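**Student:** Below is one structure. I have some questions about it.
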Amino acid sequence: MSSPRRRFRITPRRRPRLQGWSFNQLLPNILTMMGLCAGLTAIRLAFEGRWRTALGLIVLAGFIDGIDGRLARMLKATSRFGAEFDSLSDFLCFGVAPALMLYMWSLNEARGLGFIPCVLFAVCMALRLARFNAAIDGPAPTGKGMIPPPPKPAYAQSFFTGVPAPSGAGLALFPIFASLAFQGWGLNGMAAAFRHPIFVALVLVVVAGLLVSTIPTWSFKNFKVPREAVLPLMLGAAAYVALLVTEPWAALAVIGLIYVSMLPFSSRSYLRLRREAEARLEPVEAPSDKTA
């Protein structure tokens, strides 16, 4: 008898899967690292007195900070590492770099006293970022263990608590923006007034207070524009872009003034939405102890 023929089955070779992050998960962190490098380079350029390029790098870091988080949410690449890395980058780019730039630009004339507002601003920026990270963490330790914080009301989703870090850096750098704008127009007296150490110190102290305050400020994430305001908004945006191209320092100073003028309106809008939400709550009667 002949032996049965053996059959061999050819199976495709499986390629081993590499363990690690995909490029989509790394892209937001790469952008954050680029913003961090921009802030570090701005400090170096400030030491060399190249203020215009240093300011441009801080503006670039603010633009990157505005898109890296949104990109991470779009790509579903959010992580605790990314949040911590973003906060550290924000502290350097929007806390340390503006403070050092303003000290070297103006406040060094007051020697040691001029460094106090810089330290105050950087510390308040760190506290503001720490408060933001603490709100992300979730459960907080108490005497009875870990309990989750109360959920944020729906009307508060479109508001920040205090001035956010990029906006705070822009407001702190307002004296340099305004001084460069007046200097370009030949108004050296006004430029020198905005460069005075007392004015710069006052701006730093006020902005530091806004960073750690509880003032509700618009986040513009869920901001809806009425139909009748779309065309004026588009025309205003086009006019601002034209001003930004022709007079960049004046445009940056103007946007800072506009942002400060919006703070009372954002607080009023927050209070109005809170009153409306509280009015919609139906009162609940306490159960009576009497029996029928």
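**Student:** Taking a quarter of the surface of the convex hull around the Cα atoms of the stretch 15-118, what do you get in nm²? Intermediate results must be reported in sequence, preceding the final value.
**Tutor:** Working: hull surface 32.6 nm².
Quarter of the Cα hull surface area: 8.2 nm².
**Student:** Further, regarding this structure: Could you give me the ³J(HN,Hα) list for the stretch 63-68, computed from phi with Karplus coefficients 6.51, -1.76, 1.60 and θ = phi - 60°, whole Hz, x at Gly and Pro?
**Tutor:** 5, 5, 5, x, 10, 5
**Student:** Under 5 Å between amide H atoms, partner at least 5 residues away or on a different chain: which partners does Phe159 have, H built in plane at 1.01 Å?
**Tutor:** Ser219
Just so you know, all these numbers are worked out from the coordinates, no wet-lab data involved. This structure is a prediction, so every number in the text was calculated from the model and none was measured.
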